[in-house]
Amino acid sequence: MQLRALREYAARRDWTITMQIKEVGSGASQRTMREKLIDAARRREIDVVLVWRLDRWGRSVADLLATLQELEHLGVGFVSLTEALDLTTPAGRAMAGLLAVFAEFEREVLRDRVRAGLAHARANGKRLGRPLTAALHADQVQKLRRSGLSKSQIARQLHIGRTSVRRILSASSAKK
């Protein structure tokens, strides 16, 4: 849906699409496709960056402002379709800054809600994280070790990893 709307907008403006990127689940860290787009802007291969929403481009105010300033310095326009922002105008740049602040605020509120939910779950005795697997066999591991089996034999017999066996045995010897 988003790509179709972006293509239609570019066609209405008689723009030629020279590069199209789509990053799914990119999060805030590695955004290789966006970096390729910025590199194309540095090589003067593109004139305008068209995005669906501002928060699709920048994950923080600092990141958004830094990349928009670089694009402006390179003479590359920036348009956000859903916010109807054309950052080639002063009013558009001011509005982009305000929207970026609100987008970051929204992410921080969501992050705080998630943290509060996790703290609430912990307070109510909910175990978070990866489910116990090998630890469920701790008593069997101890029993088999006392019977003289090696760590590898125990792991094979219980269908768990050797590292898990070593971890269980070292935890039990540390308690003694």
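Just so it is clear, none of the values below were taken in a lab; they were calculated from the coordinates. Since the structure is predicted, the reported quantities are computational estimates derived from the model, not experimental observations. Note that each Cβ is placed from the backbone with ideal geometry, even for glycine, and that neighbours are counted across all protein chains shown.
Using a cut-off of 30 Å between alpha-carbon atoms, which lysines can reach residue 22, once sequence neighbours fewer than 8 places away in the same chain are excluded? Correct list for residue 22: 36. Between residue 88 and residue 105, the contour length at 0.36 nm per residue exceeds the alpha carbon distance by 3.6 nm.
As I understand it, the value is the acute angle between the Cα axis of helix 90-123 and the longest principal axis of the Cα atoms of the chain; what does it come to in degrees, rounded to 10? Relative to the chain, helix 90-123 is tipped by roughly 20 degrees. For residue 159, put the label point 7 Å out on the Cα→Cβ axis and report which residues of segment 120-146 keep their amide N under 13 Å from it. Answer for this model: 134. Working note: 222 nm ellipticity from helices only, DSSP H runs with n ≥ 4, each -39,500 (n - 2.57), summed and divided by the residues of the chain, gives -18500 deg cm²/dmol to the nearest 500. By the count of other C-beta atoms within 10 Å, a proxy for reagent exposure, 38, 154 are ordered fewest to most as 38, 154. Amide H contacts under 5 Å for residue 48: 77, restricted to partners 5 or more places along the chain or on a different chain, H placed in the peptide plane at 1.01 Å from N. Bridging of residue 143 to lysines at a Cα separation below 22 Å is possible for 151, 175, 176, once same-chain residues fewer than 8 apart are set aside. The C-alpha atoms of the chain define a longest principal axis, and helix 162-175 lies at about 70 degrees to it. Under the convention that each Lys and Arg Cβ holds +1 and each Asp and Glu Cβ holds -1, the size of the dipole of segment 72-161 around its Cα centre is about 1300 debye.
In this calculation the C-beta distance from residue 17 to residue 65 is compared with R0 = 25 Å, giving a FRET efficiency of 0.45.
Given +1 at the Cβ of Lys and Arg, -1 at the Cβ of Asp and Glu and no other charges, the dipole of the chain around its Cα centre is 2060 debye to the nearest 20. The C-alpha atoms of the chain define a longest principal axis, and helix 32-42 lies at about 30 degrees to it.
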